[in-house]
Amino acid sequence: MSHQFRSSDEQLEQMLRARAAVPDPQLLGDIVAMTEHRRQRRSLFGGLVPGQRPVLLLATVALLLAALAGAIAVGLRLILPEPIDFGDLESVIISRDECGLIAIDPFSGEQLTIWQPEDPCEVPRRVVTIRSGPARIYELGIAAAGSHDGLLAYSVSRHEPGQESDLIGLWTLDLASGRVRQLSECQVPLCHYTDISADGGRILHSGWEGTAEGVYRLAVTDIDGSLIWSGDFDEPAYEPRFSPDAEAILFAGYRTGVLYAIRGDGEVLTTVFEQPGLFVRSGNWSPDGRRMAFAAFDEGADEFQIWVADADGGSARQIARREGRQAERHGPVWSPDGEWIAFARRTDLPSGGMFEIWVVGADGSGAVQVYEDCCQRNTVGSLPAWSPDGEWIAFGASREDPRFSDGRIETPGLYLVRRDGSGLRRVADVSIQPFLWQPLPPSEP
Amino acid sequence: VQERIIPDVDSSDLPSTFAAAHQRQLIERAADGDREAFAQLVETRLERTFRTAAAILGNEADARDATQEAFLSAWTNLPRLRDAASFDAWLGRVLANKCRDLLRRRHRSREIAFEDLSETGQTDAGLSTSALNAAFEALSVEHRYLIVLHHLHHEPVAAIAERLGIPEGTAKWRLYQARQALERALEVEA
């Protein structure tokens, strides 16, 4: 990795200015004239003027779109003919790179691509290429336990040339068999977030219905994509998550900061926690489903807080707090045994950016800071993920490289640290994405 | 075309909130097929769009074509744009795609067309301008676009992040990667 640029900013700007010299006004006039001329020709031959839609044109466009949809469907058909060979690994860390989904050996850092579109990725582009345009994996969900252990769910979005990015669909990947399935389609036009129930039977879809100023929709389908229920809200549902038994969904209202739960197949919406001045973010069920933890920030006190409450919101109490408001979503995350809670905090303070990871007992005792990157201008990090045995925490981090004074950041990487803060190690150079530390199902005899 | 009670004004004279609203109305009118509204959108963006294309492509003729194609595509696809506020980000993506298409079609990835870029020109630090140009031409369009936004148009990282719809940290990292790619290409040129 090169750490010192041979070309200075001034040299680069000088070169770009030369390439992009301000054009002759006549040239700009010619461009306008030619654009208008071609636009009129399109209008004459195709009627492609917005607002003018002859029936014949619509029929032609519909046929073309159908053909295009078919081509895209074929292009996106995933082939994973053989079970994934994880060797003797008992668990892997799932993440994504520019080419698809990857599995990382937590202790050697070895990486294995476990899913990618049919078309090969054009390294080093940072997005996946799918036929007519680049795409990227937008969000990940995972089945954490149960009979379908090892079932991943994820959504894929595509950036078509000249169009907004669109969700292509939801997919599942069974780590045991390597089988990939595409669910019928996302139930929400602009899907933001997906989750999969612990038994692998239900998929949660959420996102804007229509434009980003319309209603926000939650929808639950079975594993085949058949709709079970859906509901609309007038504000975004922040990180909705299934309870372990999939009977309830927990989410925070993005604008109001109120913590909600939905039960009874979408029939009952209850306010779980609401306190004036507190904006709740990132609620998470405990592994046994009897409690919940959530992050909140207090605008008045300028504090970031972690709370724990019963599953119905009762007995809520604050177990940790830190100065400054949370800049991004970073937990809290329960340990597999439900005894500990890990959370990350990235915030901007007058003294500089800060990223830190804490572990605290679910009762508020024994708080330990296990990672700190303080007072730099550029600090980034990811949500922590617990190892299946609850001994380790994985997270992504990248901090300002101390060798340079201009704020350059070092290569982002995957880090591991023990629950007590010991054993900090950098495992692999990977981009900072959501990490899921997934136990692997026993291999077939 | 539906009539609207919106005066045609120079948005540069308006306070920012009103200017944004005016731009939004222009975009909505253009999406409805109002040619005058679209012409106003083009007029205020033409020079920057052309300079962006020229910087990416390094060739005036290609830049002119990419600019035309981008605006034509915008005119045709504007009704499909869901959020008027994202028009400029969307137009930027359209332009980048047109630049990429042009490069693929014409295989000019190493061509230096501007006459004022002397083969023996030196920058202040002695780095050959032709080498810097050649290195830049070796980059992907995505990397070129990022570098142009930041180093030519002086867009801060936060603005680039908003334009690309990605977190600021990601934008900073991508920009850093683009710059690293340029350095690697420079090493090859050297």
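Quick note: the coordinates plus some simple rules give every number you see, no bench work behind them. Note that the structure is predicted; figures quoted are calculated from it, not measured. Virtual Cβ from ideal backbone geometry, glycine too; neighbours counted across all protein chains shown.
A few notes on this one:
- Across peptide B:170-176, the average count of Cβ atoms from other chains found within 10 Å of a residue's Cβ is 5.
- Counts of other chain beta carbons within 10 angstrom of each beta carbon in peptide B:139-150 average 2.
- Environment charge of A:I393, counting only residues whose C-beta is closer than 13 Å and scoring Lys/Arg +1, Asp/Glu -1: -1
- Euclidean distance of C-alpha centroids, the range B:29-63 and the range A:215-231, integer Å: 41
- Other protein chain C-beta atoms within 10 Å of residue C-beta, averaged over B:71-81: 5.
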